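Here it is: the structure, laid out below.
The values are calculated or read from the model by the stated rules, or taken from the named source; none is laboratory data. Owing to the predicted nature of the structure, the values given are computational and were not obtained by experimental measurement. Every residue, glycine among them, receives a Cβ derived from its backbone with ideal geometry; neighbour counts consider all protein chains shown. Quick note on the areas: whole protein, heavy atoms, side chains included, nothing else; ligands and nucleic acids left out. Shrake-Rupley method; radii C 1.70, N 1.55, O 1.52, S 1.80 Å.
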Amino acid sequence: MDSNVSALQKARYSYNPKLPAALRAGANVKCIEGEKLQAFADVEKINALFPSTSNMPVLKFEKTDSPAQANAINVGVILSGGQAPGGHNVIAGLYDGIKSLNKNSKLYGFKGGPGGLVDNQYVEITDDFMNAYRNTGGFDMIGSGRTKLELVEQFDKAAANCKALGISALVIIGGDDSNTNACLLAEYYKKQNIPIQVIGCPKTIDGDLKNKFIETSFGFDTASKVYSELIGNIERDANSAKKYWHFVKLMGRSASHITLECALKTHPNITIISEEVAEKKQTLDQIVTYIADTVAARAKNKENFGVVLIPEGLIEFIPEMNTLISALNELLAKEGDAFAKIENKDEKMAFITSRLDKALADVFASLPQTIQLQLTNDRDPHGNVQVSLIETEKLLVELVKAKLKKNPEKVKFSAQTHFFGYEGRCSVPSNFDADYCYSLGYNAAAIIGAGKTAYMSYISNLVAPAEQWNAGAVPLTAMMNVERRHGADKPVIKKALVELDGKPFAEFAKNRAKWAIETSFIFPGPIQYYGPAEVADATTETLKLEQAGK
């Protein structure tokens, strides 16, 4: 083993992930078909777009005593989108799973994400190669990428590359957009009678790929534990120095799951939940007033310090800002080239305001120029503003500072800002994610063995011990709806937002008034890999609360 590998990593190589009972004898399983599932929303549109893969049954797997008699199969695997802890274990589970079907089965990893599939950049995954990456963080085994699979030319190139390698199944490990692409690919191959199965695995630390069947996406458990350790460290520092308010922005563009989970783990003074802001139609000024009032209340107790958690995508959920950003997305989708040619900052802003209606132009003009520029930066591949580049935490600090200056009582306020994003994406996976990811990959092999396509691997009953987990598959089309992207309607897997009537948010809402004024910090410390099961194998507070009483 490489002498540069840490002692922890050497120990993690020997960790044996746990599997559900249905998969313990191998990926040859009894496949039970359940109810047929329609699309999540926009049923007629989804049926028209996916005529070959719509209205398919949910699958449940059970252990079978029949020995595996499958022919050897060649499978391709892709890591797509942003990194998430446990991705290598999905590949490990897939590798071991197809070998359990037939020891001569082969696994090929396409390098650099979906682009590697189209450009035929691959590596055959062998025992030695696989064993070096078991239970490790990151996606460096084969790399990832954000190439979108949407064009017939891409589908045909991918099919030709697979045919040359004898590949009859593809597993795409990714989030909602990546699995939407998997659904498009599966539909095309099935419609064209191309003998390639396409299977998805749910990945995203944001936690927004979840539904009735997908209880959580992999990586969420580990990332939220990493961020909570950092927040706990900051809370300890704040409680020691007693002179700073720390504004912490956390990854999670479209949903506040990470922010809510970290709040439940660490008990900060203030936590903003984007979905609540949208539901209550809270203005930017109302949010700033809430924070400033809390700062002032704590100052009366001579506690001029605290911690504020802010979700990365907050700015898109504030009504007036959401309307502005939507208008900017549409505007730059149509006139982005002309805007890009303008070099002077003032002229850039004048270009924008001249093309907005007066109300939105006034909102845009009220913002600091740094935020204006960040709102007009290059869009992501989906045509949306890159919210991670918008310094919402700094904007709130400046607005709170200005608000407190108007307070008749002098309030001491000094602030520090942080953004925790990349710090959590490639951590060594927690025991939960190591087990869950391995099971997802092994289960994908079972889906392949069952001859199914256009399905997502799911493992459920996750708050129970691993041997009691359920294994199965849910149709990709069952999670689809139609959304506005790049100025046009596009089929996409529906993102799951924080449910304001759900148990996790209710637990937070019950306690936040107390946490705001009383210093109630919890310091969770680092991820525990060893020790009592109730500590080392514990999953998220979110899952525990959601599954309580079920």
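Can you give me the Cα centroid spacing of the range 117-175 and the range 194-243 in angstrom?
First find each Cα centre; the distance between them is then 24 Å.
Something else now. Counting other Cβ atoms within 10 Å, which GluC sites (Glu not before Pro) in the range 463-550 have at most 16 and lie in a DSSP loop? Present the calculation step by step, with values, prior to reporting the outcome.
Working: sites: Glu467, Glu483, Glu499, Glu507, Glu518, Glu534, Glu541, Glu546; in loops: Glu499, Glu518.
Sparse-neighbourhood loop GluC sites (Glu not before Pro): Glu499, Glu518.
Quick one, can you get me the convex hull of the C-alpha atoms of the range 33-117 expressed as volume per residue in Å³? Walk me through the intermediate numbers first.
Numbers: hull volume 14.4 nm³, N = 85.
Once divided by residue count, the hull of the range 33-117 is 169 Å³.
Also, quick follow-up: Would you rank Asp285, Asp176, Asp65 by solvent-accessible area, highest first, keeping every protein chain in place and using a 1.4 Å probe? Don't skip to the answer; put the middle values down first.
Working: Asp285 85, Asp176 10, Asp65 145 Å².
In descending accessible area the options line up as Asp65, Asp285, Asp176.
May I pose another question? Using a 1.4 angstrom probe on the protein heavy atoms only, could you order Val411, Val385 from most to least accessible area? Spell out each step's value before the answer.
On the way: Val411 30, Val385 0 Å².
Per-residue accessible area, sorted high to low, gives Val411, Val385.
Could I ask something else about it? Going by average Cβ neighbours within 10 Å, how do the peptides 31-38, 143-150, 195-202 rank, with the highest at the top?
Details: 31-38: 13.4, 143-150: 19.6, 195-202: 26.6.
So the order, starting with the most tightly packed, is 195-202, 143-150, 31-38.
Ok, one more. Can you put Thr126, Thr271 in order of accessible area, largest first, using a 1.4 Å probe? Let's see the in-between values first.
On the way: Thr126 65, Thr271 10 Å².
Result of the area sort, largest leading: Thr126, Thr271.
Peptides 91-97, 457-463, 14-20: what's the order by average Cβ count within 10 Å, highest mean first?
Details: 91-97: 27.1, 457-463: 22.6, 14-20: 17.7.
The packing order, highest mean first, is 91-97, 457-463, 14-20.
Calculate log10 I(q)/I(0) of the range 333-450 for q = 0.15 Å⁻¹, where I(q) comes from the Debye formula with a single equal point scatterer on each Cα and nothing for solvent.
For the requested q values the scattering log ratios are -0.88.
Right, next: Which residues in the range 493-530 place their backbone N less than 15 Å from a point set 7 Å from the Cα of Ala297 along the Cα-to-Cβ direction?
The answer is 509-520.
Would you kindly calculate the mean projected area, averaged across all directions, of the convex hull enclosing the Cα atoms of the range 393-435, in square nanometres? Please list the in-between numbers first.
Values: hull surface 19.3 nm².
One quarter of the hull surface, i.e. the mean projection, equals 4.8 nm².
A follow-up question, please. Please compute the length gained on full extension between Gln547 and Lys63, using 0.36 nm multiplied by the number of residues separating them and subtracting their Cα-Cα distance.
Working: separation 484, 0.36 × 484 = 174.24 nm, distance 2.46 nm.
Length difference between fully extended and current span is 171.8 nm.
From the backbone phi of the range 418-425, what are the Karplus-calculated ³J(HN,Hα) couplings (6.51 cos²θ - 1.76 cosθ + 1.60, θ = phi - 60°) in whole Hz, Gly and Pro given as x?
These are the phi-based 3J(HN,Hα) values: 9, 9, 9, x, 4, 4, x, 7 Hz.
List, in the order given, every pair from Lys334/Lys358; Lys106/Lys210; Lys394/Lys503 whose Cα-Cα distance in the structure shown is over 22 Å. Could you put the intermediate results ahead of the total?
On the way: Lys334/Lys358 20 Å; Lys106/Lys210 30 Å; Lys394/Lys503 31 Å.
Exceeds cut-off: Lys106/Lys210; Lys394/Lys503.
Quick check for you: which residues of the range 343-373 have the amide N under 18 Å from the point 7 Å beyond the Cα of Thr323 toward its beta carbon?
Once the point is set 7 Å along Cα→Cβ of Thr323, 353-367 turn out to lie under 18 Å by backbone N, inside the range 343-373.
Also: Just add up the charged neighbours of Met456: K/R +1, D/E -1, any other residue whose Cβ is under 11 Å from the Cβ of Met456. The partial results should precede the final answer.
On the way: positive: Lys203, Lys452; negative: Asp176.
Here the charged neighbours net out to +1.
Quick one: which residues, 5 or more positions from Lys494 or on another chain, have an amide H under 5 Å from its amide H? H modelled 1.01 Å from N in the peptide plane, none for Pro or chain starts.
For Lys494, whose amide H was placed from the backbone, the distant partners under 5 Å are Met480, Asn481.
Heavy-atom accessible area per residue, the chain, 1.4 Å probe: how many Å²?
Result: 41 Å² of accessible area for each residue.
Please list the three semi-axes, largest first and in whole Å, of the ellipsoid equivalent to the range 145-301, using sqrt of 5 times the eigenvalues of its alpha carbon gyration tensor. Each step should come with its number before you reach the end.
Numbers: eigenvalues 412, 56, 28 Å².
Working from the Cα gyration tensor, I get semi-axes of 45, 17, 12 Å.
Right, another one. With a Förster radius of 25 Å, plug the Cβ-Cβ distance of Lys406 and Lys281 into 1/(1 + (r/R0)^6) and report the FRET value to the nearest 0.05.
Values: r = 24 Å, r/R0 = 0.95.
Once the sixth-power term is evaluated, E becomes 0.55.
Hey, any idea what % of the chain's accessible area is carbon plus sulfur with a 1.4 Å probe?
Numbers: 11030 of 22760 Å².
Carbon and sulfur: 48 percent of the exposed surface of the chain.
Counting other Cβ atoms within 10 Å of each Cβ, which trypsin sites (Lys or Arg not before Pro) in the range 274-322 have at most 14 and sit in a DSSP loop? Don't jump to the answer; show the numbers that get you there.
On the way: sites: Lys280, Lys281, Arg298, Lys300, Lys302; in loops: Lys280, Lys281, Lys302.
Here the trypsin sites (Lys or Arg not before Pro) that fit, given the DSSP loop and packing criteria, are Lys280, Lys281, Lys302.
Once the other residues with Cβ under 11 Å from the Cβ of Ser366 are scored (Lys, Arg +1; Asp, Glu -1), what is the net sum? Working shown, then result.
Values: positive: none; negative: Asp285, Glu320, Asp362.
Spelling it out: positives minus negatives among the neighbours equals -3.
Then there is this: Under a point spin-label approximation (7 Å from Cα along Cα-to-Cβ), what is the Ile32-Ala513 distance to one decimal in nm?
4.7
Additional query: Quick one: which residues, 5 or more positions from Ile73 or on another chain, have an amide H under 5 Å from its amide H? H modelled 1.01 Å from N in the peptide plane, none for Pro or chain starts.
Hits under the 5 Å cutoff: Ser105, Lys106.
Also, quick follow-up: So what J values fall out for the range 28-42 if you push phi through Karplus, 6.51 cos²θ - 1.76 cosθ + 1.60 with θ = phi - 60°, rounded to Hz, Gly and Pro as x?
Ordered by residue, 3J(HN,Hα) equals 7, 10, 8, 9, 10, 8, x, 5, 7, 10, 8, 4, 4, 7, 6 Hz.
(1) 23.2, 69; (2) 28.2, 91; (3) 24.3, 80: which one is Rg and Dmax of the Cα atoms in Å as calculated from this entry?
Read-out taken from this structure: (3).
Give me, ordered by chain and number, the residues 5 or more places off Asn470 or on other chains with an amide H under 5 Å from its own placed amide H.
Those lying under 5 Å, H to H, from Asn470 are Ser460, Asn461.
Moving to a separate point now. With charges set only on the Cβ (+1 for Lys and Arg, -1 for Asp and Glu), what does the dipole of the chain come to about its Cα centre, in debye to the nearest 20? Each step should come with its number before you reach the end.
Details: 62 positive and 64 negative charges, 112 e Å.
Its charge dipole is roughly 540 debye.
Taking square-rooted eigenvalues a ≥ b ≥ c of the alpha carbon gyration tensor, is the range 444-495 rounded, prolate or oblate, where a/c under 1.5 means rounded and, failing that, a/b exceeding b/c means prolate? Kindly include the intermediate steps, with their values, before the conclusion.
On the way: a/c = 4.62, a/b = 1.89, b/c = 2.45.
Oblate.
Shifting gears a bit: Can you work out ³J(HN,Hα) from phi for every residue in the range 90-104, in order, using Karplus 6.51 cos²θ - 1.76 cosθ + 1.60 and θ = phi - 60°, giving whole Hz and x for Gly and Pro?
4, 5, 4, x, 4, 4, 5, x, 6, 5, 5, 6, 6, 4, 8
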